[in-house]
Amino acid sequence: MKKLLFVCVSFLGMSAYVSAQKIEFKQLEINYGKISHGADGAREFEFTNTGSAPLIISAAQGSCGCTVPEYPKEPIMPGAKSVIKVKYDTQRTGGFTKYVTLTSNSTDNPSTRLTISGEVLPQGEAAPAPPAAPAPPVTPAQPAPTAGKKERPVKKPSAPKPPKPNRPSPKKESTLEK
């Protein structure tokens, strides 16, 4: 009876451990756009282990020899981020769509397919410049807060008071003179 109970508890513990690995990618596709012949073909897919146990990636396979993936060999701890590096051979001209298939111990996604696509222009043809980032909106400057001090209201300067006219003071008659 004790052995049966031990086997049941062990099985439940192992199934809880197995169900705890999750891989979540920031994006599953990267479009290179139009790139120059011989340009840098390296890109990165960022991911996070959103599970509660270490995530282990056991393999990463490109769909052809022109797509070479690199993956972390050590376990990725819960909450940790890492990247899958992919390098496409930009000596080949023309449009492309290639895949990298990952194998991991993730319970919700044990086999994940990443996609790269784009177009390598013929040699001597320049790729268009990427669009400029929009300028940040201009906001009015705010006065810096004063730490620990109360703000005093700003007093407006008042108009100068006109001078008082010089008047002779009335003389008091002395009672001695009378």
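Going through segment 92-113 one residue at a time, which ones are in a loop (DSSP other than H, G, I, E, B) and either modelled with pLDDT of 95 or more or over 13 Å from Gly65 (Cβ atoms) (or both)? Can you show your working first?
First pass over segment 92-113, keeping only residues in a loop (DSSP other than H, G, I, E, B): 92-93, 105-110.
Result: Thr93, Asn105, Ser106, Thr107, Asp108, Asn109, Pro110.
For every residue, the table says whether it meets (1) modelled with pLDDT under 95; (2) at positive phi; (3) surrounded by fewer than 16 Cβ atoms within 10 Å (Cβ to Cβ); (4) more than 20 Å from the chain's Cα centre (by Cα).
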{"residue": "Ala20", "(1), (2), (3), (4)": "yes, no, no, yes"}
{"residue": "Glu29", "(1), (2), (3), (4)": "no, no, yes, no"}
{"residue": "Ala42", "(1), (2), (3), (4)": "no, no, yes, no"}
{"residue": "Ile56", "(1), (2), (3), (4)": "no, no, no, yes"}
{"residue": "Ala59", "(1), (2), (3), (4)": "no, no, yes, yes"}
{"residue": "Cys66", "(1), (2), (3), (4)": "yes, no, yes, yes"}
{"residue": "Lys73", "(1), (2), (3), (4)": "no, no, yes, yes"}
{"residue": "Ser82", "(1), (2), (3), (4)": "no, no, no, no"}
With the structure loaded, tell me whether Ile76 is in contact with a Leu (Cβ under 6 Å, 6 or more places away or on another chain) and aliphatic (A, V, I, L, M) or whether it fails that test. yes
May I ask you to verify whether Gly148 is at pLDDT 70 or above and on the phi > 0 side of the Ramachandran plot? no
Taking segment 24-41, which residues are of a type outside the set (Phe, Trp, Tyr) and touching a Phe, Trp or Tyr at 6+ places or on another chain (Cβ under 8 Å)? Glu24, Lys26, Gln27, Leu28, Ile30, Gly41
Any chance Lys87 is modelled with pLDDT of 95 or more, within 22 Å of Pro122 (Cβ to Cβ) and more than 20 Å from the chain's Cα centre (by Cα): yes
Identify the residue in segment 92-130 that is free of Cβ contacts under 8 Å to residues at least 60 places away in the same chain and among the polar types (S, T, N, Q) and, among all such residues, is nearest to Glu44 (Cα to Cα). Thr101
Consider segment 114-140. How many of its residues are modelled with pLDDT of 90 or more and small (Gly, Ala, Ser)? 2
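Can you tell me which residue in segment 96-111 is surrounded by the most Cβ atoms within 10 Å (Cβ to Cβ), limited to those that are of a type outside the set (D, E, K, R) and within 14 Å of Ile30 (Cβ to Cβ)?
At the first step, the residues of segment 96-111 found to be of a type outside the set (D, E, K, R) are 96-97, 99-107, 109-111.
Within this subset, residues satisfying the condition of being within 14 Å of Ile30 (Cβ to Cβ) are 96-97, 99-100.
On the way: Phe96: 19, Thr97: 11, Tyr99: 17, Val100: 22.
For segment 96-111, the residue satisfying everything is Val100.
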With the requirement that a residue be of a type outside the set (D, E, K, R), in contact with a His (Cβ under 8 Å, 6 or more places away or on another chain) and within 12 Å of Ala39 (Cβ to Cβ), what does segment 85-126 give you? Thr90, Gln91, Thr93, Val120, Leu121, Gln123
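The values are calculated or read from the model by the stated rules, or taken from the named source; none is laboratory data. Owing to the predicted nature of the structure, the values given are computational and were not obtained by experimental measurement. Neighbour counts are summed over all protein chains in view; Cβ atoms, including those assigned to glycine, are modelled from backbone coordinates with ideal geometry.
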